[in-house]
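Asker: Please see the structure below; I have some questions.
The values are calculated or read from the model by the stated rules, or taken from the named source; none is laboratory data. Please read these numbers as outputs of a predicted model, since none were measured by experiment. In this analysis, Cβ positions are derived from the backbone assuming ideal geometry, glycine residues included, and neighbour counts consider all displayed protein chains.
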Amino acid sequence: MKYRYFLTLLFLLILSTSFAQSDRPNFVIVIGDDISWNDLGCYGHQTVKSPNVDQMATEGIKFTNAFLTASSCSPSRCSIISGRYPHNTGAAELHTPLPEGMPTLPGELKKSGYYTVASGKWHLGPHARNDFDLVDDMDVGNGGHKNWVKIMKERPKEKPFFMWFAAHDAHRIWHADDFATPHDAAESVVPPYLVDAPGTRRDIASYYNEIQRLDHYLGLVKEELKVQEVLANTLIIYMADNGRPFPRAKTRVYDSGMKTPFVLSWPDGQKEASLECNSMISVIDIAPTFLELAGVEARPTFQGISFVKTIKNPSAEHRNYVFSEHNWHDYEAHERMVRNKHFLYVVNNRPNLPNQGPVDSNRSPSYEDLKNSRDAGKLNSAQADVFATPRAHEELFDCLNDPEQMSNIASNERYTEILDDMRSVMQQWIVQTGDDVPENLTSSWYDPESGGKLDIEQKRGEMPGTKSKAVENNNKGPY
């Protein structure tokens, strides 16, 4: 009798848990590699073919001030998944893993009953694998999205799910020039810091082709969700891990490197469609947002701030400031950025070094065109900045009047008060979150001119935040 009573209670418990889980939203993050925020139709680009994310923007919310914490793939992804600033993750430099025991968004969701999957590009390290029921990073094709629909079909249907669909598009080397209808190089939009030359135009067109291919697979994922009748209760985010893989974009702390496309669709959770949110959002805010929606209390390790209120009301303000870092990515570096809606402030602790971008960018046709124009004495001031050294220790930009961040106004007396305020906020963040500038930073492994390997021992220096034990610091800093 007692045994049957126990079985009945167990059955009711399982049944109630199942119903509770079915009411919780599903989560899908489609994260592009090396895609700048304004290289999509829904953000005003007239050339790029991105119909599915454009449609998603008409169905959901387009965020216009969403920012990454690093313009470098693995530090950025580690930051997003852990909800922490790069120097607080223990994985601030390129291709360094999250440490064992670091709580992550999928790990917390998995413990609460979610089915969690990562498919495509990985770069989170060995320890984070335990936070996923499935890690599919092997036979994924050169774009990383080969198995996304298959994974959706084969998921356990009784559980809510979290899908981390991480593309290789649009990372160099290009693999999508024969996909669908390729973009015409004659229609490439050349930013002011690149040279308008045939090689650069073809390079940009190939980049557009990668964006188009990722957009296609986003459409397939959405269609499968619709077929399974779970699209309405699935919150989808389309975003990127850093800016376009061109000089003065990827690894830079300007908007060309740190501002991400951020389109969110969740039919059951939105009051209206085709909305725009102009509030400042940091990608470390994704983790506490998802956890709140899933009914899971966010642990103190998550430094982000939930933006659930802006999903419910996109006109609501969320943050005053966002912060970003540039640490070692092929080359020695230590830059920090703080931005509000009006101004962007940069402190560069290695101003003696050039800042062309990473190796893949320095081996590109666009970089070759820049070098050829430089050698011919034909660079404009924006293009010359790619090679400038020494660089300014401090930079201040008026983003409303200078959206490409071309004119450093830090020495302009009219902005002294603004400079002091931004400098003060930056210092608060550094102190409160335990950031530092190690004397023995990882040095450059490659030649900035050619992108070739230097004849040195490739070894790591000291990670930012090591001395201050930043990995144990959960302070959110100013926001």
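Asker: Touching a residue at least 12 places away in the same chain (Cβ under 8 Å) and surrounded by fewer than 22 Cβ atoms within 10 Å (Cβ to Cβ), is that true of Ser373?
Answerer: yes
Quick grid of which residues meet (1) in the same structural domain as Ala388 (by TED's automatic domain parsing); (2) surrounded by fewer than 16 Cβ atoms within 10 Å (Cβ to Cβ); (3) farther than 28 Å from Gln405 by Cα:
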site: Ala170; (1), (2), (3): no, no, no
site: Asp177; (1), (2), (3): no, yes, yes
site: Ala186; (1), (2), (3): no, yes, no
site: Val189; (1), (2), (3): no, yes, no
site: Tyr208; (1), (2), (3): no, no, no
site: Arg213; (1), (2), (3): no, no, yes
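Asker: Now for a different question. Please find, within the stretch 126-142, the residue that is nearest to His175 (Cα to Cα) out of those that are at pLDDT 95 or above and of a type outside the set (A, V, I, L, M, F, W, C).
Answerer: Top of the filtered list is Asp136.
Asker: Any chance the stretch 385-406 includes a residue that's out of contact with any helix residue (DSSP H, G or I) (no Cβ under 7 Å at 6 or more places or on another chain), more than 29 Å from Pro191 (Cβ to Cβ) and of a type in the set (Asp, Glu)?
Answerer: no
Asker: Let me ask you something else. Taking Leu194 and the conditions (1) within 27 Å of Thr289 (Cα to Cα); (2) surrounded by 15 or more Cβ atoms within 10 Å (Cβ to Cβ), which numbered condition does it fall short on, given that it satisfies the others?
Answerer: (1)
Asker: In this structure, is Leu400 in a loop (DSSP other than H, G, I, E, B) and not assigned by TED's automatic domain parsing to the domain that holds Ala70?
Answerer: Considered against the rule, which asks whether it is in a loop (DSSP other than H, G, I, E, B) and not assigned by TED's automatic domain parsing to the domain that holds Ala70, Leu400 comes out as yes.
Asker: If Gly113 satisfies all but one of (1) more than 28 Å from Arg172 (Cα to Cα); (2) small (Gly, Ala, Ser); (3) buried (at least 20 other Cβ atoms within 10 Å of the Cβ), what's the number of the condition it fails?
Answerer: (3)
Asker: Here is a follow-up. For the stretch 215-273, enumerate the residues that are among the acidic types (Asp, Glu) and either touching a residue at least 24 places away in the same chain (Cβ under 8 Å) or more than 19 Å from Thr64 (Cβ to Cβ) (or both).
Answerer: Asp215, Glu223, Glu224, Glu229, Asp241, Asp255, Asp268
Asker: Right, here's the next one. Identify all residues within the stretch 60-82 that are closer than 16 Å to Ile29 by Cα, out of contact with any Lys or Arg (no Cβ under 9 Å at 6 or more places or on another chain) and either part of a loop (DSSP other than H, G, I, E, B) or not small (Gly, Ala, Ser) (or both); write none if there are none.
Answerer: Gly60, Ile61, Lys62, Phe63, Ile80, Ile81
Asker: Look through the stretch 417-440, keep the residues that are of a type in the set (Val, Ile, Thr) and in a helix (DSSP H, G or I), and return whichever of them is nearest to Arg319 (Cα to Cα).
Answerer: Val425
Asker: Whether any residue in the stretch 448-457 is surrounded by 17 or more Cβ atoms within 10 Å (Cβ to Cβ), in contact with a helix residue (DSSP H, G or I) (Cβ under 7 Å, 6 or more places away or on another chain) and in a loop (DSSP other than H, G, I, E, B) is what I want to check.
Answerer: Yes; the residues of the stretch 448-457 include at least one that is surrounded by 17 or more Cβ atoms within 10 Å (Cβ to Cβ), in contact with a helix residue (DSSP H, G or I) (Cβ under 7 Å, 6 or more places away or on another chain) and in a loop (DSSP other than H, G, I, E, B).
Asker: Could we say that Val322 is under 16 Å from Glu93 (Cβ atoms), touching a residue at least 60 places away in the same chain (Cβ under 8 Å) and among the β-branched types (Val, Ile, Thr) here?
Answerer: no
Asker: So, one more: Tally the residues that are in contact with a Phe, Trp or Tyr (Cβ under 9 Å, 6 or more places away or on another chain), assigned to a helix (DSSP H, G or I) and surrounded by 22 or more Cβ atoms within 10 Å (Cβ to Cβ), restricting the search to the stretch 121-166.
Answerer: Total satisfying the criteria: 3.
Asker: Turning to a different aspect of this structure: Quick check on my filter: what residues within the stretch 40-55 are closer than 27 Å to Lys226 by Cβ and surrounded by fewer than 24 Cβ atoms within 10 Å (Cβ to Cβ)?
Answerer: Gly41, Cys42, Tyr43, His45, Lys49, Pro51, Asn52, Asp54, Gln55
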